[in-house]
1. Along the Cα→Cβ direction, 7 angstrom out, place labels at Ala39 and Asp114. What is the inter-label distance in nm?
2. Obtain the nm distance between the two label points defined at Glu291 and Thr154 by a simple spin-label model: each point lies 7 Å from its Cα along the Cα-to-C-beta direction.
3. Under the definition of Cα pairs under 8 Å and six or more residues apart, what whole-number percent is the relative contact order of the stretch 29-80?
4. If each of Arg85 and Arg382 carries a label point 7 Å out from its Cα toward its Cβ, how far apart are those two points in nm?
5. Could you tell me what percent of the DSSP beta bridges with both partners in the chain are antiparallel, to the nearest 5?
6. I'd like the Kirkwood hydrodynamic radius of the stretch 324-414, using the inverse of the mean 1/r over distinct C-alpha pairs, in Å.
7. Using just the helices of the chain, give the 222 nm mean residue ellipticity in deg cm²/dmol: DSSP H runs with n ≥ 4 each add -39,500 (n - 2.57), and the total is spread over all residues, rounded to 500.
8. Ranked highest first by average number of other Cβ atoms within 10 Å, how do 65-74, 38-47, 352-361 line up?
Amino acid sequence: MKRLASTFAAAGLLAVTAPVLSATQATAAPAEYAPQKPAWHRCSPDQPAAFECATLKVPLDYRRPRGRTIDLAISRLKSDNPAKRHGAMLLNPGGPGGPGLDLPLLMNEAMPKDVREQYDLIGFDPRGVGGSSPITCGLTAAEQNFNRPYKEETFPADVAWAQTVADKCREKAGSVLPFITTRNTARDMDAIRSALGERRLSYLGYSYGTYLGAVYAQMFPGRTDRFVLDSGVDPARAWRGMIQVWATEAEPAFKRWTQWTAGRAGEFGLGDTPEAVSRTFWDLVARADREPIEFEGQKLTGDDIRTARALFFYPAQAAPVVKALKDAADGKPVRLSPDRLKLLKPTAEPASDNDTAVFWSVVCGDTEWPRYPEQYAREAARDKAAYPLYGDFASNIKPCAYWHRPIEPPTAMKTRADVLTVQNEWDSQTPLVSGQGLHRALKGSRMVLAMGGEGHGVYLFDPASCANATVNAYLATGRLPAEDVTCRTAPSAAERRTELVPSSPQRFPALTDGRF
């Protein structure tokens, strides 16, 4: 499960002017492309012989199926029970920018036998990622960090950063990045289906993978089989709104944390009422703004601490971390378990900007963003007041302000989609309101909601989740629940939550917003 969590946590920018596709043209295009049959081979000598890999050639631009191609790396573990095999299940870990080639191995270990034996498990690195013609913008570690607090005096530097990222991407990969979009990745999914000789495709997608799966279900409804969309992206919020929802939903999570921590005042000493706990935290932020806190050889500012908004979705993890920061500020010894201590240590500089390049390519290339810096400044100042934990980070300017226009419009969610959506109540990356938005957008879907569930990723992430039984039954039978399912699950163990803190190219793994 550690390997599963770390893979799922992996998670990036520029469009050149091009004609917008009509919905009919866009959906019909893959029918003109006939992918070759995969030439399967053993993926690696240090991996099981049954784990096979292949590379498909797919069009860079599906409007020109005989034009320039890119590589698409795929993998599979076949069902070991042909008599019970139902079909192929494609897997996606989220991102945008997350690699998925190893997912069949991880799922093979985690899935119940009666589910696992029904599917050939199919992994793939989405276009631009990992083994699938990877892209780069040539960004430094500092340029990959988009956690930028809004201050009037530093806003010009934020504008310069956003423009620099867009310019470097244009210079480095401008001919490719316009086509690294969700709709084109959905077309790639259908090319994989065709190459496998499958009439329909089953799918398990997490986080960003829920949006990718929803787009596929709209573009190819007749080829959509058993789809599980876990930890949902709200299509109406793609993409600026999905970053902003990190700020709005951090506030109720923070309030819940203050209540939980106040009930354990004897253990943590952060206050015996929610109001007192909140004052302790904000006093700590103010102190760190005046004089950064020395912690494990690093200096943390108040802005660094505020980026911990994701941490507050897990009260049992957040309280000892905040206590450790307060102890460090007071000059006391820091007593924190190794797992929690590593949350506050800086990550190593990223070896590549591949995931960041794909992230921005998708979130800027899928949808329109505001074009004027003044709008970002105005909204960041407004949201800093309304959502003090993370509002200014979420609404501050992003490289998308300097992107060229998307080459086609977002996918309208109009077609019935008989899929299963899954959601934890306390999810920091795709909060409950986002998962509910996905469920509403997909007419015909059913939702299983784990009340009390904490963490990003439900099915197979938490073996004790009350949602697992419903998901397993659907994948085993193909029958959706007659109505939405709401169940109650105990909060996950601290160790599980620690493993799921998103790794990212940003400075502090627990003090970041991660990806989808």
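Every read-out reported here was derived from the displayed coordinates using simple, explicitly stated rules and does not represent laboratory data. Worth saying up front: this structure is predicted, and the values here are computed from it rather than measured. Methodologically, a virtual Cβ is constructed for each residue, glycine included, from the backbone with ideal geometry; neighbour enumeration extends over all protein chains shown.
1. Between Ala39 and Asp114, the label points sit 4.2 nm apart.
2. 2.0
3. Computed over the stretch 29-80, the figure is 33 percent.
4. 5.5
5. Expressed as a percentage, antiparallel bridges in the chain total about 40.
6. Hydrodynamic radius (Kirkwood, Cα only) of the stretch 324-414 equals 16.9 Å.
7. Calculated mean residue ellipticity at 222 nm is -11500 deg cm²/dmol.
8. With the highest mean Cβ count within 10 Å placed first, the list reads 352-361, 65-74, 38-47.
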